[in-house]
Every structure is written in C-alpha cells, then in structure tokens.
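Undergrad: Pasting in a structure now, in structure tokens, and then I'll have a few things to ask.
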Amino acid sequence: MNIFETYQIKFIDLIKRDFSIEDSEKLIVEMPKNSSFGDISFNAPLVLASMNKTDPIKIGEKIKNLILKSLDDFEKIEVVKPGFINFFFKKNKWIEFIKNVQDDFGKPEKINSKHINLEFVSANPTGPLHIGHCRGAVYGDTVCNLLKFVGNKVTKEYYVNDYGNQITKFVKSVYYRIIEIKDKNKKFPIDQNLYPGDYVIDIANVILKKNKIKNFENFETVQDILTELSIECALEIIKKDLNALGIHHDIFISEKNIVEKQTLNTVIEILKKNDDLYMGTLPKPKGDVEDWEPRDQLLFRSTKYGDDIDRPLQKSDNTWTYFANDMAYHYNKIERNFDLYINVLGADHIGYIKRLKAATHCLNKNKTFEFKISQIVKLFKSGKPFRMSKRAGDYILAQELTEAVGKDAARFMLSYRSSNSPLDFDFDLVLDKSKENPVFYVQYASARINSVFRKYKIKISDKLDTKFLNLLDSNIEINLIKKILEWPKVVMQSVNTLEVHRIPFYLYELSSLFHSFWSLGKTDDNFKILENKNKNLTEARVFLLQKIFTVLKNGMSILNVHMPDEM
RNA sequence: GGGCACGUAGCUCAGCUGAAUAGAGCAACGGUUUUCUAAACCGUAGGUCGAAGGUUUGAGUCCUUCCGUGCUCGCCA
C-alpha cells in the first residue's frame, strides 16, 4: 500500500472522462514539504492548465467537485495558487491506513519481477580488499537486497580478473616469497613490477603448506599450478573480507575461462558484421604522454555508440587488450539472458563507462545495462584525515575496517551517502555510542520498542486488538503514522534511482520521531505507553509501535544491519 | 587539453527526476531526568543553493559559458 500512488490512480481515474490528459505521468500526488499544504497534494490543475491554456484555479475547482462526488476520505480540500489541490485526510483514514500495514510493508503490490544480473566488487584477485572496495561492495549488496525486497530475482556476480600481466606479476611475487622462505639468503627482489605486501608472504606460506608443488627451482615450470594456487588463495582472502561484511556472491566468473572459451571470436564476428572493426591509428592524447608514437591497431568503432574515441582491441604485439576480453565477458553476460544488468564500478573507472556502454549497446541493443559508480571513501579520525595502516601502504584494509567498527556500523555508514558523492568516514563517530552516531540511534529505537514488547508480553507478530486505534489522535501519533506511510515511497524512489542512501536517511528520521514520542512520556504521563490509565490507549500505542518496528525491520534488513533486542 | 562526477548553513550532507516559505545531523548557545532504556528529548541561531546568462507560468533541480575540487585519459587489469 502506497497511499500516494493509490490516490494518484484514483484521482486520474476520476478526472479522465472530463479532461483530455495527454501525459498522465506528469500528474503527481505527492507529500507537500509544508504540512499547511495538506497531507497529500495533487498538481493536476497546474499541469492541465498549461496544456489547455486555461485558468488553473477553475480547473482545480472542477476537479475538487469531481473528487468530492465519489470520495469521502477528506476533511478539507483546498484549491490554491499556482494550481495545486491540497487534501487533508479525515482522522479515521489514518487509522485505516495504519491498520493495513502488513509484515512486508514497502513491497509494491504490482510486482514486475525481473531477473537481474548485478556485478560488483570484481577486485583483482591479487590481494585483500581495501576500504574503497568495501563501499562498492556494501552498496552493491544493499542494492541487491532492495531489488529482491521489491520482488526481483538477483544474481550477484563477481568477475575474476585472473588473466593478464597483473596476474603474472602477482604470481611472480608469490614465487619470490616462497624462494625467500625456503632460503633466507635469497631476498625478495626490489622491483616495481612485483607486489611487496606482507599478505603475499602469508599466501606463500599457505601454498607451501599445501605441498602440491615439490620443486620451485624454475618459475616457468611451476607457473601454471602456482597461478592457480595463488589466485585461489587471493580469492579466499577476498571472500573472507566480503563475508565479514555479510556479503556473499552467487557466481564467480573467470576471465581466464572466458578467454579459453574463445567467446571473443563471436564478438569479433558481430563487430565485423556491423562494420565496427577497422585497422587504424589513434590520435595522440592531449595530456602528458611520454614516448608516444603512432601505432596501427585493430580498433572498435565505439564512437558510433557515443564514445569519445575509438578503442583498441589489440596491443601492438597482436595480443588482445583488457577491453577486448571485457567485451567478450559482457557478451557472455548477454548470452546468459538477464532482463537487466547492473554494474557497480569504482571511482577510478568513471572514464570506462562510455566504452562499456558502447560495447554493450553494440553487442545487443535490446538489453539494458546500468552503470553505477561508487565514489571514494575518505577516512577521518576525530575530524582529521587519517591513515590507518602502514602495513598496507596507503590503503585501509577491509579487515581493519570490520575489526574496528563491526559489520553493522560499516554497512550503515557506507550506505548513508549517495553512491556518487565522496564519503567521509569517521572512525570515532562510528564507535561512538550516542545519537551522534546514526547507526546507534536507529538501533536504540528498536531496543526501546523491544523493551515495551517484553513488558507488555507480546511479540512483534502477535495480533493486537485494533478497535481502539481511533484513540491515536495526538499530533505526534498522527505524524508517526504519516512517516510510516512514506516508507513505500522511499523504497520505490530507491529502486528507480538505484540509490540506497535514502533508506538509512529515512530510518533515521523515523527513529527520531519515535524518540520524540517516547520522550513526551517523560514530561507528560498521558503520553506514556505502558504506564497509562487507559488500557485501550496502551493497546493502540503498542500496535503503533509494532508498525514502526515492522518498517525499521524491513529497512534494516535491506541494509543488512542487525537490530538488537536490548542495548 | 578531452571525458565523467561533484560544488547547498562554520563542518558533513539530504532535497523525492521542474512546483508552494530550500531541509537534517554535527559544531555554537539555552533548557529538560525521583528513567515505561537520558545511549534520549525540547528550543534558539545559522543560506545570494560556486558565478553569470538562458529555457519555463515556475529552476537548487534542465541548457550554455566560466571558476573550483576529485577521478580518468593508446599496448594496466
């Protein structure tokens, strides 16, 4: 039940015989910012007046009369300049609305269920995750929970870049660490092309323990098996980091596997057929490029699909570029036939999106791909920029984050901002147990509600008597009901924009209203929930608390943040 | 130089795809507790929405230009 949507449909239905409506999507029922403009507001006079060049107020009065004839839900209907109709509900309507709040409240009635492919994280399997990855990971996972909540089927996918030069460098690094462990005189070489991190030593030790390779004398002879083992170890580390954040992917797709299946051949055939392939020389980039020389390369005509320049598919030694293999991977995705594809990329891949859009559009015009960026995370401690780990160089590791603040705080705070704005993450604030910490604030609301449930000896699922709900008539109680009824709208907005930060925002607002309500009982005994002479009112208020809790629970389950019974 | 983001209160950010008087939190100042969990609540103050044009009945939101910040820019993945 989404009251805004419900009344939008009702209103449009009532006026469509008397007005010619060209574009019904512009006719919107919304919640006015200012409560003096009513509970819900309809913009039809404004929209229809501009279509028909007539006086919006006259149209408004006509619509008002049409609505009055068939609906008895409103205490007052006002037509106001510049052309809104503002509706004030009768109090019994609020009671009726809150009564209809079900366990799955927020989930739309009409579900257009899709099978969605959601690719996120996809960090190179060459070491542990850092905090930047965490944001994309949490964002992707939360989007998944949201899309599932509204009735979609979602496959969480991780693209494993287990092919190419970076992997070779990584495996060499593991190799030299093994050599170092076996013979302390053979020090790990200082080489910019190797990975120096200590975790490589850990991986080396794990591989030695497995004892699958007997002889390490020659890198080339052990390379294949060592590559397999190293990637396996690196992926284990990544999965462990993700699990600590409550994240589990459904499927891991190997780049190496895509290459071996020669999917790229099919892609090249398609490109040839479309005349999107040619040999050519790219212009010199305008930025600082050292030792640039013109080079004849196999190019993909991506400018045809909105890219800025055409993109090379082959290197000068005729091996394929990463982008070429990535096209093959996306073709593989398309072949698996999902209804919608979502790809969460890190901030350093912003420049890559146009190319991917061009690629996917060229390979299949009927499939929709959405690309979302998860922006960088800036770390602070007590308001000052902060670097946490010397061990990992400039990066803060995922493991350090989850160990320091825990899964719940990490997830809530990383979801709290729009994914394409940089995020300041303050360690002290997240550990703080006060209202300054939004995670805590929402959890505390749930703990308070639970304490009432315990004392009243009910469970959230218990059915209470609803015949006293009309006793809920104070402003704060009506405002709480209104806030609860906003939830389905928050869900739909989040789905439409694939932005999940509104969910923690909303939960904070709802919690705030609840804490206000709770505190009224401190100064005015009439507002106490349990210690109240009117037992019927208590029953009604506990019912309201159940509904608040239902919304908090649904919201927090999308965020995958725990709601404690007690704090 | 090109591309993509971002620029809203002292700080960190929302702003529902164009609507009515621009909203929160923190910080500042003042108040509330013989606790149904004060880990909370109430109040005050704080703004030329980066700048200038444009479209529109209407712009924080759309378009253009400029300024600032970040990421990125042919054989890295």
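Undergrad: For the pair A:Ile9/A:Lys76, report the inter-label distance in nm, with labels modelled 7 Å from Cα in the Cβ direction.
TA: 3.0 nm
Undergrad: Find the eigenvalues of the gyration tensor of the Cα atoms of segment A:183-290, then list the square roots of 5 times those eigenvalues as equivalent ellipsoid semi-axes, largest first, in whole angstrom.
TA: 36, 23, 18
Undergrad: What's the exposure ranking of A:Arg301, A:Arg135, A:Arg454, going from fewest to most Cβ atoms within 10 Å?
TA: Lowest to highest Cβ neighbour count: A:Arg454, A:Arg301, A:Arg135.
Undergrad: So in segment A:289-386, what percent of DSSP beta bridges are antiparallel if you round to the nearest 5?
TA: Close to 40 percent.
Undergrad: Right, something else. Would you calculate a helix-derived [θ] at 222 nm for chain A, using -39,500 (n - 2.57) for each DSSP H run of n ≥ 4 and dividing by the full residue count, to the nearest 500?
TA: Rounded to the nearest 500, the figure is -16000 deg cm²/dmol.
Undergrad: Let me ask something else about it. To the nearest 10 degrees, how steeply does helix A:535-559 sit against the main Cα axis of chain A, on a 0 to 90 scale?
TA: Result, in degrees: 20.
Undergrad: Just to verify a number: FRET efficiency for A:Lys457 and A:Ser519, C-beta to C-beta distance, R0 = 22 Å, to 0.05?
TA: That pair, A:Lys457 with A:Ser519, gives E of 0.35.
Undergrad: Would you mind ranking A:Leu129, A:Leu464, A:Leu401 by Cβ crowding within 10 Å, fewest neighbours first?
TA: Ascending number of Cβ neighbours within 10 Å: A:Leu464, A:Leu129, A:Leu401.
Undergrad: For A:Ser316 paired with A:Lys528, estimate the spin-label separation in nm (one decimal), with each label point 7 Å from Cα along the Cα-to-Cβ line.
TA: In this crude spin-label approximation the distance works out to 8.4 nm.
Undergrad: Subtracting the Cα-Cα distance from 0.36 nm times the residue separation, let me have the gained length for A:Asn100 to A:Met31 in nm, one decimal.
TA: Between A:Asn100 and A:Met31, full extension yields an extra 22.9 nm.
Undergrad: OK, next. Which distance in nm do the two modelled labels at A:Thr368 and A:Asp424 give, with both placed 7 Å along the Cα-to-Cβ direction?
TA: The two pseudo-label positions are separated by 3.6 nm.
Undergrad: A further question follows. For the charge dipole of chain A, defined by +1 on Lys and Arg C-beta atoms and -1 on Asp and Glu C-beta atoms about the Cα centroid, which residue among A:Val561, A:Ser494, A:Ser461 has the Cα displaced farthest towards the positive pole?
TA: The residue sitting farthest along the positive end of the dipole is A:Ser461.
Undergrad: Please report Rg (one decimal) and Dmax (integer) in Å for the Cα set of segment A:1-133.
TA: 20.9, 69
Undergrad: Lys/Arg Cβ at +1, Asp/Glu Cβ at -1, dipole of chain A taken about the Cα centre: which of A:Ala204, A:Ile59, A:Ile350 is farthest positive-ward?
TA: A:Ile59
Undergrad: Quote to one decimal, in nm, the extra length available between A:Lys90 and A:Asp250 on full extension: 0.36 nm per residue of separation minus the C-alpha distance between them.
TA: 52.8 nm
Undergrad: With N set to the residue count of segment A:436-544, report its C-alpha Rg divided by 2.2 N^0.38 Å to two decimal places.
TA: Scaled against compact globular proteins, the figure is 1.15.
Undergrad: Taking the Cα atoms only, what angle lies between the long axis of helix A:263-273 and the longest principal axis of chain A, rounded to 10 degrees?
TA: 80 degrees
Undergrad: Can I ask one more? What's the long-distance tail for segment A:249-383, i.e. % of Cα pairs beyond 18 Å?
TA: So the pairs more than 18 Å apart make up 61 percent of the total in segment A:249-383.
Undergrad: With a Cα-only, solvent-free Debye model of segment A:95-184, what are the log10 I(q)/I(0) values at q = 0.13 Å⁻¹?
TA: Debye intensities relative to I(0), on a log10 scale: -0.66.
Undergrad: In addition: Between rounded, prolate and oblate, where does segment A:267-332 land on the alpha carbon gyration tensor, with a ≥ b ≥ c its root eigenvalues, rounded for a/c under 1.5, else prolate if a/b exceeds b/c?
TA: Since a/c reaches 1.5 and a/b is larger than b/c, the shape of segment A:267-332 is classed as prolate.
Undergrad: With a 10 Å Cβ neighbour count serving as the proxy for reagent exposure, in which order, fewest first, do A:Arg177, A:Arg502, A:Arg355, A:Arg17 appear?
TA: By the 10 Å Cβ count, ascending, the order reads A:Arg17, A:Arg502, A:Arg355, A:Arg177.
Undergrad: Viscosity 0.890 mPa s, temperature 25 °C: give me the Stokes-Einstein translational D for chain A in µm²/s, with Rh taken as the Kirkwood radius over C-alpha pairs.
TA: Estimated diffusion coefficient is 89 µm²/s.
No value in this document is a laboratory result; all are computed from the given coordinates. Treat the numbers as computed from the prediction; the structure is a model and nothing was measured. In this analysis, Cβ positions are derived from the backbone assuming ideal geometry, glycine residues included, and neighbour counts consider all displayed protein chains.
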